[in-house]
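For reference, the structure discussed in these notes is given below.
The values are calculated or read from the model by the stated rules, or taken from the named source; none is laboratory data. Nothing here was measured: the structure is a model prediction, and the numbers come from that model. Here the Cβ positions follow ideal geometry from the backbone for every residue, glycine too, while neighbour counts run over all protein chains shown.
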Amino acid sequence: MLLISFSIQIKTTAKEGMWIPATLKAHEKDMKAEGLEIPIDKIYNENGTGLNNAVVLFGRGCTGEIISTKGLVLTNHHCGYGSVQGFSNTENDYFANGFWAKNMKEELPCKGLTVTFIRRMENVTDKVLAGIGDTIRDSIRDTLIAKRISAIEKDYMKSTGMDASIKPYFKGNQYWIAITQTYKDIRLVGFPPNGIGAFGGDVENWMWPRHTGDFSMFRVYAGQDNSPADYAATNKPYNAESFFHINVSGYKEGDFTMVYGFPGTTEEYISSYALKQVYSIADPISIACRTRKLDVWSKHMDLSRETFLKYTSKRAGVANGWKKWQGEVAGLKVNDVMGKKQAFEKSFQAWAVADKAADYAADLLPQMRTAAESMDQLLTEDLYNREAAFGVELISQGAALENVIKCFRLNLSGDALTDTLKKVMKGMEWFSKNYDAATDKDVFISLMTVYFTKNAYSLPPYFKEQYLAHGQDIINWAYDIYNTTLLASQEKLNTFAENAIPADSTKILKDPAWQLYNALNILRKGKIVAALNDYNARMKYLNRLYMKAQMEKNKTKVFYPDANLTLRVSYGQVKGLKPDGPAKYSYQTTLGEVVALDDSTSDIFKVPKKLKELYRTRDYGRWGVNGTMPVAFLASNHTSGGNSGSPVLNSKGELIGTNFDRAFEGTMSDYYFDPNRCRNISVDIRYTLFIIDKFGGAGWLIDEMDIAGGSQKAKVKSKK
């Protein structure tokens, strides 16, 4: 069994790394040398007073921070986008106009939104892996580990009265448990209009300089005992024993910074063979397909505000990965990461052959190469299935018609059948609310052109039959599908439910959306899914041993685990960007630069009138600096997806900004960290407060916060 030590002297470069908070004591010397001024136990401890109690997992994959005793949460604008879309329509267009509650009674409950606190983390590797050998096949090993994890989690839940979740680290060579509390009553408090919170749109996304006020505000509500509770009008704002103190005195280049949050996924230690699949297959195919999809969406969104509101959140999600992957490919190329991986693998192989104590490692790389290369073609086919075919909303939503078919299989009739179908159709209303058939039809035409051209050797038979039946005319085929399918409108679905009889099951089986979906499923289940599952299981086993071997080969190096949406701390400096030579980007942007970009003909560069007036009069209140208003800044912290919304802290642990992005030049940091190119981008807290106060007129929220200049001692407020 491998137990990973964190007591070795740290030798890291330009602050690569996403560290488990409970291990930070081993990093204290390095962090103090970089400028940290507070004890490590202020960053993380188990007695309820650490900063870990003020950081939350926001929703399914973002981070948020508690900034008042009344459970006020600050996160990114794009993290709140999906929730706000549920409230927005042409009458209440919060994307165009923003939303600012005037008091707690006006805060809007967000159905399905949660925030999770990490109360404690503990290394339970010994408990999970005791007596389980490293080289046992994962099919057996996973069963043993799963049973043990379940038992351990139950014990911790019983002893703590909280939730408990164990996750693997270092590819399954180590396990940690997180003791958590998840709150389910979350309400919208403040949301800037897109002219602030999404300023620059796709053009500036993943770019520097950046001019976006990417923040939104929510509030956590709790039951009468301050514990998690389902939504109820009688719930009270969560009484936060720990929250972030805010510092508005600013920063300068070279100042120490920390990012505290939940980075989603990184793969820093994979082989060159797996990296090649990302660099040469997954990213290029995904970029090409999404380019077509986004072009169609943009065209229709520009023509109709109603369509814009339906697609703005979906478009942001699709475009985010699309642009990130472009930067990723460029960064991997310019750094010759493939070459670096191959050079390391050459030295690794020499070590593995020579070191008899690591005899298990000698054939790892050859096995990985054989496995990866044997799957390249199948991965290519499946990417076209997922990005081109299932990239059409109508086809992916065909899965919902499976539930309709299940209703008929229950052999119901009369009112029983009608009532059951109505419930199923009710569940499709969210899709219909945010769906436009005319837009999706054009997406179908565009993506099917790619699908039939690039994937002609692996088409589902039904697709080929229909293509031929429509005279090899994709446009004609599309019109037939969208004029026929029930999924084209919620009205059609509801009418079908009202009048259905048992024999109508044939109408679903003949529905073109279901037939397309079913044909893809048959192909994937018959040819792809089992092979992919076998491949992934094989690679999981090999990667675990490869990770173990890398750590044994480099015993003087302190490894950080890949991101897995668990709580981490990274640290670095406020730092500008000069990736390719003497030309240097400043580490900070200002409101003057925002106004200079104003374009009344562009949705993404249109500055709100009120914001321009505040700039014209320099009415910045207490938040401006020498006649300017800082907007965003750069730092060298190692971040990933999931760090969106993370608090950015100064040397005293005070909040100075909210992380929201990475620079395009460094988006390959999920695979390789280049200290010259990797930068995280954050909203300056002063801009956030200025927008809340002067633009949003929500000064009552400012009154909740603990705000001071840099001369005061930083603290985590505590009632203990």
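Every residue, every condition in (1) under 28 Å from Gln377 (Cα atoms); (2) in the same structural domain as His78 (by TED's automatic domain parsing); (3) over 18 Å from the mean Cα position of the chain (by Cα), yes or no:
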position: Arg292; (1), (2), (3): yes, no, yes
position: Glu306; (1), (2), (3): no, no, yes
position: Ala316; (1), (2), (3): no, no, no
position: Gln326; (1), (2), (3): yes, no, no
position: Val337; (1), (2), (3): yes, no, yes
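Quick check on Tyr687: is it surrounded by fewer than 24 Cβ atoms within 10 Å (Cβ to Cβ), in the same structural domain as Phe262 (by TED's automatic domain parsing) and either basic (Lys, Arg) or in contact (Cβ under 8 Å) with a residue 12 or more places away in the chain (or both)?
So Tyr687 does not fit the description; no.
Take residues that are without any contact (Cβ under 8 Å) to a residue 60 or more places away in the chain and among the hydroxyl-bearing types (Ser, Thr, Tyr) and tell me which of the helices (runs of 4 or more DSSP H) falling wholly in the range 130-209 contain 1 or more.
Ranges flagged: 138-160.
Residues in the range 647-697 that are assigned to a loop (DSSP other than H, G, I, E, B) and either among the aromatic types (Phe, Trp, Tyr) or more than 30 Å from Asp336 (Cβ to Cβ) (or both): how many?
Of the residues in the range 647-697, 10 are assigned to a loop (DSSP other than H, G, I, E, B) and either among the aromatic types (Phe, Trp, Tyr) or more than 30 Å from Asp336 (Cβ to Cβ) (or both).
Out of all the residues in the range 154-172, which are basic (Lys, Arg) and within 21 Å of Ile136 (Cα to Cα)?
Lys167, Lys171
Out of the residues in the range 446-458 meeting the condition of being at pLDDT 95 or above and surrounded by 19 or more Cβ atoms within 10 Å (Cβ to Cβ), tell me which one is nearest to Leu523 (Cα to Cα).
This residue is Tyr451.
Any chance the range 664-680 includes a residue that's touching a strand residue (DSSP E or B) at 6+ places or on another chain (Cβ under 6 Å), modelled with pLDDT of 95 or more and either β-branched (Val, Ile, Thr) or surrounded by fewer than 24 Cβ atoms within 10 Å (Cβ to Cβ) (or both)?
no
Can you confirm whether Phe633 is farther than 22 Å from Tyr81 by Cα, of a type in the set (A, V, I, L, M, F, W, C), in the same structural domain as Asp202 (by TED's automatic domain parsing) and part of a strand (DSSP E or B)?
Criteria met by Phe633.
So, Ser644, is that one of a type in the set (S, T, N, Q) and either in a loop (DSSP other than H, G, I, E, B) or free of Cβ contacts under 8 Å to residues at least 60 places away in the same chain (or both) or not?
yes
Restricting the search to the range 114-148, which residues are in contact with a Ser or Thr (Cβ under 9 Å, 6 or more places away or on another chain) and of a type in the set (A, V, I, L, M, F, W, C)?
If the condition is that a residue be in contact with a Ser or Thr (Cβ under 9 Å, 6 or more places away or on another chain) and of a type in the set (A, V, I, L, M, F, W, C), then Val115, Phe117, Ile118, Met121 are the ones that fit.
Restricting attention to the range 178-197, report how many residues are of a type outside the set (Phe, Trp, Tyr), buried (at least 22 other Cβ atoms within 10 Å of the Cβ) and in contact with a Phe, Trp or Tyr (Cβ under 8 Å, 6 or more places away or on another chain).
Number satisfying all stated conditions: 11.
If only one of Tyr587, Tyr615 is touching a residue at least 60 places away in the same chain (Cβ under 8 Å) and either in contact with a Phe, Trp or Tyr (Cβ under 7 Å, 6 or more places away or on another chain) or in the same structural domain as Leu689 (by TED's automatic domain parsing) (or both), which one is it?
The match here is Tyr587.
List the residue pairs whose Cβ atoms are under 7 Å apart, where the first residue sits in the range 620-633 and is over 21 Å from Asn76 (Cα atoms), the second is part of a strand (DSSP E or B) and at pLDDT 95 or above, and the two are 6 or more positions apart or on different chains.
Thr628/Thr590
Evaluate the following for Lys584: is it under 30 Å from Gly261 (Cβ atoms), modelled with pLDDT under 95 and in contact with a strand residue (DSSP E or B) (Cβ under 8 Å, 6 or more places away or on another chain)?
For Lys584, the condition - under 30 Å from Gly261 (Cβ atoms), modelled with pLDDT under 95 and in contact with a strand residue (DSSP E or B) (Cβ under 8 Å, 6 or more places away or on another chain) - is met.
Go through (1) more than 27 Å from Gly261 (Cβ to Cβ); (2) in contact with an Asp or Glu (Cβ under 6 Å, 6 or more places away or on another chain) and name the single condition Asp134 misses.
(2)
Inspect all residues belonging to the range 263-272 and state whether any of them is part of a strand (DSSP E or B) and touching a residue at least 12 places away in the same chain (Cβ under 8 Å).
no
Search the range 88-108 for residues that are under 21 Å from Ile186 (Cα atoms) and modelled with pLDDT of 95 or more and pair each with any residue that is assigned to a loop (DSSP other than H, G, I, E, B) and of a type outside the set (Gly, Ala, Ser) when their beta-carbon atoms are under 6 Å apart and the residues are at least 6 apart or on different chains.
Cβ pairs passing all conditions: Gly98/Pro192; Gly98/Pro193; Ala101/Glu107.
In the range 527-584, how many residues are without any contact (Cβ under 8 Å) to a residue 40 or more places away in the chain, polar (S, T, N, Q) and farther than 20 Å from Lys167 by Cα?
Result for the range 527-584: 2.
Pick from the range 553-594 the residues that are part of a helix (DSSP H, G or I) and touching a helix residue (DSSP H, G or I) at 6+ places or on another chain (Cβ under 6 Å): which of them is surrounded by the fewest Cβ atoms within 10 Å (Cβ to Cβ)?
Lys553
Can you confirm whether the range 541-548 contains a residue that is basic (Lys, Arg), touching a Gly at 6+ places or on another chain (Cβ under 7 Å) and either surrounded by 15 or more Cβ atoms within 10 Å (Cβ to Cβ) or not in a loop (DSSP other than H, G, I, E, B) (or both)?
Yes, that holds for at least one residue.
Going by what's in this entry, would Gly200 be described as touching a strand residue (DSSP E or B) at 6+ places or on another chain (Cβ under 9 Å) and surrounded by fewer than 20 Cβ atoms within 10 Å (Cβ to Cβ)?
no
Out of contact with any helix residue (DSSP H, G or I) (no Cβ under 8 Å at 6 or more places or on another chain), more than 21 Å from Tyr169 (Cβ to Cβ) and not charged (D, E, K, R) - does that describe any residue in the range 22-33?
Among the residues of the range 22-33, at least one is out of contact with any helix residue (DSSP H, G or I) (no Cβ under 8 Å at 6 or more places or on another chain), more than 21 Å from Tyr169 (Cβ to Cβ) and not charged (D, E, K, R), which makes the answer yes.
Determine which single condition Gln573 fails, assuming it passes every other condition in (1) in the same structural domain as Asn626 (by TED's automatic domain parsing); (2) out of contact with any Ser or Thr (no Cβ under 9 Å at 6 or more places or on another chain).
(2)
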